[in-house]
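Everything on this sheet refers to the single structure shown next.
The values are calculated or read from the model by the stated rules, or taken from the named source; none is laboratory data. Owing to the predicted nature of the structure, the values given are computational and were not obtained by experimental measurement. Ideal geometry is used to build each Cβ from the backbone, glycine not excepted, and the neighbour counts take in all protein chains shown.
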Amino acid sequence: MTLMKKHFLTEFENQTSKSRTFFSKAKEIMPGGVTANIKSFDPYPIIMKKGKGAYLYDLDGNEYVDYLLSYGALMLGHGHPKIIQAIQEQLEEDGTMLFGTPHQLELAMGEKIKELYPSMERIRYTNSGTEATLLTVRLAYAYTGKTKIAKFEGHYHGGYDQVLLSLNPSLEEAGQAHAPKSVIESKGIDPYHEKQTIVLPFNDLEHTSDILTKNKDEIAAVILEPIQGGFIPAEPSFMKGLRKLTEELGILLIFDEVKTGFRVGLRGAQGHYNIKPDLTALGKVIGGGFPVGIVGGKEEIMMTSAPSVSSDVFDNSQSKKSSAKDVLFHSGTYNGHPTILAAGLATIKVLEQEIEHVFKMTARLKKGIESLFEHRGITMQTIGLGSIFNVVITEKEKVRNYRDLQQANFSMRKELDFGLLSKGIYTKPLNRYSMATVHGEKEVDCTLEAYDTVLSKMI
C-alpha cells in the first residue's frame, strides 16, 4: 500500500468511526456483518442513516452524492415525491398493501411493459431480478425439453446454482479466451453444474458459434447481459449474429435486462440494438426502490406457465388426464405486489419525461472525468451506455469483455475511490456509476471538483 493510499484510508477511517463501531457489532449478529455479500468491502462498509434526492448521509453525518443508487435501482434518487405519492394513494384507495389475489395494477403495469418491450408478449411478476432470471431458465428448459444453458464469461444473472459460474474467475482457472471453462464461484454448488452450464466468450461470435453448434442438441437457451456488468456493451454485429445463430440452432435467447432495463433507454438494451429476444428478465428500476422482477417473452413460451393448461402443484382436484408435472410451476405470495407496482408505474411515468436529462448529465460527468485524467496524462475510459458507466483505468484501446477488463489498473481505481469517499462522492469501491433524475449540474460539478482534488494528490 502506497503512502498516499494509506493517507486516503486514514482519512476514510477518521470520518467514519461510527460506521466502524456499528459494523463491529453487526458482525456479532450477521455473518460478516452483512445480509448480502455485495454490501461488504474492506476495511468496513459505510453505514447509512438517511437518503434524500441525490444524497446519502451516514452515521457520522457525512453527506455523499450517491452514484451507487442501490446498484442502479433508484433511477429517481432517494425518496422521490412521485413515488411516495403513488404508494400513499395505492394504500388509501385499495385499503391494503397486499391482496393475495389478482388486482388492477398487474394489468396496468403489464400493458406499459408490453408497450415499451414488444418482445414481452406475455409477462409474469417475480420478487427480484434473480427470481426473474431463474424463471427464464426454467421456462427455457420446459419449452425446449433440453437441460443445459449457456452463459457468457463475466456475466452475472443472480446467486443460484445454474448461473453462479465464471463470473469473476482467475485467469489461471478460466482456460483459453476462445473456450472458457465453467468455474464455480461459490461454496455449496454441486459440481454437476460445471457440465450443465456452458460458458461462452463475450463479443466473440466465431468461437461462440463453434461452442453453440457443437452443443446445440443439449442447450435450451443462451442467457446474457446485453451490456456486461451494465457497462461493457455487446458489439452490434455480435448481437445481430447471436440472434441469427440461436434461431438457426433452435436455442432460445434470453436477455437479462435487470441492470439495463430503462437505464440504457426506456426500451432497454433490446431497444438500443433493435433485437427481439425470446425471453427477457427485468428488475431494479421498475420497482422504484422496492424488490421486483418481471419475466416476459413469446406467448408460446410463456404459456407453459399458465395454470389453465393443466394442473398445479397446489391443486388437490387434479383430473385423471393431467398432473402438476404437466405445467411449469411458478408462484410467490408477493408476485405483482400492488404497492410495488404503484411505485414502478410512477417511476416509469417520471422517466418518460426526464430520461433525456439523465443521459445529458451522464454524458457531462463522463466527459469531465475523462478530461481530468487526460490533463494528467493517465489513459482511461468511461465505459457504458445510457445512464450507467464505469471508470476503467487501462492502456487497452477497447474493453470488449471480461478478459480485457482484467488488464485494468484496479489498485489505482480503488485508491481513487477511497479518496472520493472522503470528499463526499459515494459508490462502492470499484463499482460502476448509475445516474438518476436528481443528479443535476450542482452534483456533477461537485463530483468533478472532488475528482480534481483527489487526482492531484495521487499524481
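Taking the criterion of being outside any helix (DSSP H, G or I) and closer than 17 Å to M109 by Cβ, the residues of the stretch 331-374 that qualify are G332, Y334, N335, G336, H337.
Close contacts from the stretch 211-233, counting a first residue that is at positive phi and modelled with pLDDT of 95 or more and a second that is surrounded by 20 or more Cβ atoms within 10 Å (Cβ to Cβ) and not in a strand (DSSP E or B), with Cβ to Cβ under 6 Å and a gap of 6+ residues or different chains, come to G230/K259; G230/R432. Being surrounded by fewer than 21 Cβ atoms within 10 Å (Cβ to Cβ) and under 23 Å from the mean Cα position of the chain (by Cα) holds for only one residue in K181, K187, K146, K151, and it is K187.
Considering I223, I184, I232, the condition of being under 26 Å from T382 (Cβ atoms) and touching a helix residue (DSSP H, G or I) at 6+ places or on another chain (Cβ under 8 Å) is satisfied by I232 alone. Considering only the stretch 393-434, state which residues are in contact with a helix residue (DSSP H, G or I) (Cβ under 7 Å, 6 or more places away or on another chain) and free of Cβ contacts under 8 Å to residues at least 40 places away in the same chain. Of everything in the stretch 393-434, those that are in contact with a helix residue (DSSP H, G or I) (Cβ under 7 Å, 6 or more places away or on another chain) and free of Cβ contacts under 8 Å to residues at least 40 places away in the same chain turn out to be I393, K396, L420, K423, L430.
Tallying residues that are surrounded by fewer than 18 Cβ atoms within 10 Å (Cβ to Cβ), small (G, A, S) and assigned to a loop (DSSP other than H, G, I, E, B) within the stretch 154-178 yields 3.
Listed conditions (1) closer than 21 Å to L245 by Cα; (2) part of a helix (DSSP H, G or I) are all met by H193, apart from (1). The set of residues in the stretch 54-86 that are assigned to a strand (DSSP E or B) and crowded, with 19+ Cβ neighbours inside 10 Å comprises L56, D58, Y64, V65, D66, H78. Scoring T21 on the criteria (1) in a helix (DSSP H, G or I); (2) in contact (Cβ under 8 Å) with a residue 12 or more places away in the chain; (3) of a type outside the set (F, W, Y) leaves a single failure, condition (2).
Taking residues in the stretch 256-280 that are within 12 Å of I355 (Cβ to Cβ) and in contact (Cβ under 8 Å) with a residue 24 or more places away in the chain, and partners anywhere that are assigned to a loop (DSSP other than H, G, I, E, B) and among the small types (G, A, S), the pairs with Cβ atoms closer than 8 Å and at least 6 places apart or on different chains are R263/G230; R263/G386; R263/S387; V264/G386; V264/S387; G265/G386. Suppose the filter is under 20 Å from the mean Cα position of the chain (by Cα) and in contact (Cβ under 8 Å) with a residue 12 or more places away in the chain; does Q162 pass it? For Q162, the condition - under 20 Å from the mean Cα position of the chain (by Cα) and in contact (Cβ under 8 Å) with a residue 12 or more places away in the chain - is met. Which one of these is exposed (fewer than 14 other Cβ atoms within 10 Å of the Cβ) and of a type outside the set (D, E, K, R): M120, M97? Selected residue: M97, the only one of M120, M97 that is exposed (fewer than 14 other Cβ atoms within 10 Å of the Cβ) and of a type outside the set (D, E, K, R).
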